[in-house]
Amino acid sequence: MQRLTGIGVSPGTVVGRAVILIQRAQVLRYRIAPGRIEHELARLEQSRATARDQLLDIRARVARRRGPELAALFDAQLLMLDDPLLVPRADALVRRQRVNAEWALQQVFDEFCAVFDEVADPYLRERKGDVADLVGRLKMNLRQGLATPRDLLREVDEASVLIADELTPSLAAQVDWTKVRGFATDAGSRTYHTAILARSLEVPAVVGLHEASRLIQPGQLVVIDGSANEIIIDPDDAVLARVSKPARDIRSPLEDEADRRRPAATADHVPICIDANIEFPDDLPAARYAGANGIGLYRSEFLLTAADGATEEDEQYEIYRSMVEGMAPGPVTVRTFDVDEDQLALQSADSPIGGGWIANEERGSRQGLRGLRLSLTRPDLFRTQLRALLRASRHGSLRIMFPFVSGVEQLREAKRQVDLAAAEVARRGEAPPRVPIGVMIEIPAAAYTADLLAREVDFFTIGTNDLIQYCLAVDRADERVSRLYEPLHPAILRVIVMVRRAAARRHIPVSLCGEMASDPALLTLLVGLGLREFSMTPGAIGVAKQVLSEVRSDDLRAMARRILRLPTVDEVERELLAALGRPVVARHV
Ligand code: PEP
Ligand code: MG
């Protein structure tokens, strides 16, 4: 039995057989049922046969164009294709270890590399490149038809847990979570979108484990304990007995329907508005069940992760319309696509807008063209989304929110695009109503110009996930620095107060939708700082209402006044703990 400690990003405990995903190398390792061995061997053989045809074809073409000498280079690869240490060895691993063909091939390649690295002869050492080329071809052939990680994940047996180097939101969004019970990743932090997704799907998850994907073998039994920030490899009977008890219901402590529906308020009856953050239209029932007043943040960019990316105007319109109707009379705040260049470019071959997320490793700077900035460089796509939103607004209460705004110029240009989109819709005879326009305050520049922005918008939403990372210069997706990601940093508390005041002076509403709000202890501090509107993952709403009903707003205000004078995170945290008289649920949100 071995324990690995990480960051629990989604609570709950599950146990299952490990499926290993190395997303950076696009390799998935998993154990196969005995009945599938012949199928895997047939895939390997098919891949070898295809490789032979491809190599013969390449050799003939090279011979025609460049002569027989160059063509002979491919003879070496054709010979290797029949080497007993290659495909037959992979066959043996599939039989012996009961693993999938891709992983068997990868192990064979690693064995080859180890041998080549030992030999002194430089000529022989260079042959490693040929093997790499050939193995790459075999893997590519295996991928044809079925085997992208996404497809393979659909094939896994029930009661699995996913162990990955990293897990992108687009892949996480497509996993069948009825089969895969939880996940653990080497990389990640609490505010990375995949963690947010895990909480909204209520899938237990632990991230930031550094080398789980290397240490765990496919098929090993693993416990994922998102509440205790750890995973347990090869658990003993005592652990298994503990974790196989029916899980505590983490959905909501408010069992009673009437309790869930009751609006949130403090013990001294100060009303607090609690909306839900959602990623998929299908999350709407969960938001309603949890007793959300409305949708405070719909991350519309998740539309782009669907395999067929809902990007046409009519498709988007139907989705937004069903959301506003489904949430009525509560409002639905749709954030326009918040993607960056890399995310938009990916898979753009046949989609008009591209879509999908790509691994952090391969991504350029996240501080570049992203959110509203990117939308403004693609007015055609931006206006398609705006037209769909404006049309949907006729069916209920809809608000449009722009992400990643860093100045008034961008806001003005965005509003001009809204006017143009409205004129386009009006020309078709469907004059849209005026829709409230808001901005996310998530870049320090926006916070510092909140007084100026407030003159030109209808509402603010503070996005602390990004605001913290940019204020503190800590990449929220990089587990190496995630410990520095401190919501309780005095700078963050001050900046929140500054934005709240700017909004109050212009009499516009301000809410906060970052993950901070989902932590009940931090939520009480935010109420003390004067905020009255929040949006959070539906699973956190029940606890939030419960906690708020037990505290008085005047006590919280006094606590916040004391805290604002404190110089360090530790002192802030200690004061908060003392005031609440119980442990903070999670400091590093
Ligand atoms: C935020 O930045 O706080 C936020 C809610 O947006 P996202 O996490 O989607 O960037
Ligand atoms: Mg953000």
Residue count, the range 21-48, condition more than 30 Å from residue 483 (Cα to Cα) and part of a loop (DSSP other than H, G, I, E, B), comes to 3
| residue 384 of a type outside the set (A, V, I, L, M) and out of contact with any helix residue (DSSP H, G or I) (no Cβ under 7 Å at 6 or more places or on another chain) | no
Per the list (1) touching a residue at least 12 places away in the same chain (Cβ under 8 Å); (2) surrounded by fewer than 16 Cβ atoms within 10 Å (Cβ to Cβ), residue check on residue 41 breaks on (2)
Counting only residues that are over 18 Å from the mean Cα position of the chain (by Cα), closer than 16 Å to residue 438 by Cβ and within 16 Å of ligand 2 (Cβ to nearest atom), the range 463-511 contains a total of 3
Quick one: would you say residue 515 is within 13 Å of ligand 1 (Cβ to nearest atom), closer than 29 Å to residue 198 by Cα and either at pLDDT below 95 or in contact with a Cys (Cβ under 8 Å, 6 or more places away or on another chain) (or both)? yes
Exactly one of 518, 549 is surrounded by fewer than 21 Cβ atoms within 10 Å (Cβ to Cβ), of a type outside the set (D, E, K, R) and over 15 Å from residue 293 (Cα atoms), and that residue is 549
Residue 496 passes all but one of the listed conditions (1) in contact (Cβ under 8 Å) with a residue 40 or more places away in the chain; (2) in a helix (DSSP H, G or I); (3) closer than 17 Å to residue 518 by Cβ; the exception is number (1)
Residue 26 vs (1) modelled with pLDDT of 85 or more; (2) open to solvent by 50 Å² or more (accessible area, probe 1.4 Å): all pass except (1)
Please determine whether any residue of the range 443-452 is within 16 Å of ligand 2 (Cβ to nearest atom) and not in a helix (DSSP H, G or I). yes
In the range 269-301, anything in a loop (DSSP other than H, G, I, E, B) and open to solvent by 40 Å² or more (accessible area, probe 1.4 Å) is listed as 269, 280, 293
If we keep only residues of the range 375-410 that are open to solvent by 20 Å² or more (accessible area, probe 1.4 Å) and not in a helix (DSSP H, G or I), then the residue farthest from ligand 2 (Cβ to nearest atom) is 396
Of 18, 51, the only residue that is open to solvent by less than 30 Å² (accessible area, probe 1.4 Å), modelled with pLDDT of 85 or more and not in a helix (DSSP H, G or I) is 18
Taking the range 319-374 and keeping residues modelled with pLDDT of 75 or more, within 15 Å of ligand 2 (Cβ to nearest atom) and in contact with a Phe, Trp or Tyr (Cβ under 7 Å, 6 or more places away or on another chain) leaves 333, 334, 335, 336, 338, 370, 371, 372, 373
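The rows are residues; the columns are (1) without any contact (Cβ under 8 Å) to a residue 24 or more places away in the chain; (2) aliphatic (A, V, I, L, M).
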{"residue": "512", "(1), (2)": "no, yes"}
{"residue": "523", "(1), (2)": "no, yes"}
{"residue": "539", "(1), (2)": "no, no"}
{"residue": "574", "(1), (2)": "yes, no"}
- prompt: Is one or more of the residues making up the range 428-437 part of a helix (DSSP H, G or I), away from ligand 2 (no atom under 16 Å from the Cβ), closer than 20 Å to residue 312 by Cα and in contact (Cβ under 8 Å) with a residue 40 or more places away in the chain?
  reply: no
Residue count, the range 437-480, condition of a type in the set (D, E, K, R) and either within 17 Å of residue 531 (Cα to Cα) or within 12 Å of ligand 1 (Cβ to nearest atom) (or both), comes to 5
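The values are calculated or read from the model by the stated rules, or taken from the named source; none is laboratory data. Worth saying up front: this structure is predicted, and the values here are computed from it rather than measured. Every residue, glycine as well, gets a Cβ built from its backbone with ideal geometry; the counts of neighbours run over all protein chains shown. What goes into the accessible areas is simple: the full protein's heavy atoms, side chains included, and nothing from ligands, DNA or RNA. Shrake-Rupley method; radii C 1.70, N 1.55, O 1.52, S 1.80 Å.
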